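Just below is one structure, and these are the notes that go with it.
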Number of protein chains: 2
Amino acid sequence: MENFKNIAQAMQFLPDKMKKNGLFETERLFCDLYCFEPGQTQAVHAHEGSDKIYFVVNGKALVQIGDSEKELGQNQIALAASGQRHGVKNPGPERLMLLVFMAPKPSH
Amino acid sequence: MENFKNIAQAMQFLPDKMKKNGLFETERLFCDLYCFEPGQTQAVHAHEGSDKIYFVVNGKALVQIGDSEKELGQNQIALAASGQRHGVKNPGPERLMLLVFMAPKPSH
């Protein structure tokens, strides 16, 4: 198991959709770096039994959780608890890098 | 439940020891902002059944995990899996802000 990572090395974008880049995964907790070009989205969804935290490393994120929507900038953080609908859009103009922590990883 | 936070608002340091500032907590996942003045430490410890991730927001962190020790800078990240001994020191000269994610919160 690798214990140390530099997120710059995990950074990868795709032209057609946001890219999930894996950093760590255990049976209890996983961590991905999500990379969004301007305009790219993660569709609104929900999962029962798993909680998720988003942390903005760079850029802006328009984050919807439940009925609330907020634009987050660098060093802002959001929790989507089990069952809460959530999604993300990069409003641009910068690229968005988002750390995502989830416990536990949903099975679907 | 508050879904959105700015970590700058949670930032608090103590002169005599590192300060843990709570951000989010659920039964599966919790997230703290740890603030270290230069020279302050989190003593090496371990917990069975919980995994922890450290992410450096600002400053430098000398992180020990198992038998490995590494100096992490901004945007570097580390995993201490269940049972792995881990600890942190701020080698200075800057203040260290570290995001800590743990699943689940240990009972002790």
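The values are calculated or read from the model by the stated rules, or taken from the named source; none is laboratory data. Predicted, not measured: the structure shown is a model, and the values here were computed from it. Methodologically, a virtual Cβ is constructed for each residue, glycine included, from the backbone with ideal geometry; neighbour enumeration extends over all protein chains shown. Quick note on the areas: whole protein, heavy atoms, side chains included, nothing else; ligands and nucleic acids left out. Shrake-Rupley method; radii C 1.70, N 1.55, O 1.52, S 1.80 Å.
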So the check is Cβ under 9 Å with 6+ separation or different chains; which pairs have a first residue in region B:38-58 that's under 12 Å from B:LEU79 (Cα atoms) and a second one that's assigned to a loop (DSSP other than H, G, I, E, B) and of a type in the set (A, V, I, L, M)?
B:SER50/A:LEU29; B:ASP51/A:LEU29; B:ASP51/B:ALA81; B:LYS52/A:LEU29; B:LYS52/B:ALA81; B:ILE53/A:LEU29
Hey, does region A:43-65 have a residue that's among the basic types (Lys, Arg) and touching a Phe, Trp or Tyr at 6+ places or on another chain (Cβ under 6 Å)?
no
Considering (1) at the interface with chain A (Cβ under 7 Å from one of its Cβ atoms); (2) β-branched (Val, Ile, Thr); (3) in contact with a His (Cβ under 7 Å, 6 or more places away or on another chain), say which one B:VAL44 fails and leave the rest.
(1)
Could you please let me know if B:LYS20 is facing chain A (nearest Cβ under 10 Å), touching a residue at least 12 places away in the same chain (Cβ under 8 Å) and within 29 Å of A:GLN84 (Cβ to Cβ)?
no
Restricting to region A:20-34, name every residue that is open to solvent by 50 Å² or more (accessible area, probe 1.4 Å) and assigned to a strand (DSSP E or B).
A:LYS20, A:GLY22, A:GLU25
Checked region A:67-84 for anything more than 7 Å from every other protein chain (Cβ to nearest Cβ) and on the phi > 0 side of the Ramachandran plot; matches are A:GLY83
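What about B:SER107, is it small (Gly, Ala, Ser) and closer than 17 Å to A:PHE30 by Cα? First the steps, then the outcome.
Values: small (Gly, Ala, Ser): yes; closer than 17 Å to A:PHE30 by Cα: no.
No; evaluated as a whole, the condition is false for this residue.
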If A:VAL57 passes every condition in (1) open to solvent by less than 50 Å² (accessible area, probe 1.4 Å); (2) out of contact with any strand residue (DSSP E or B) (no Cβ under 6 Å at 6 or more places or on another chain); (3) within 18 Å of B:ASN3 (Cα to Cα) but one, which one does it miss?
(2)
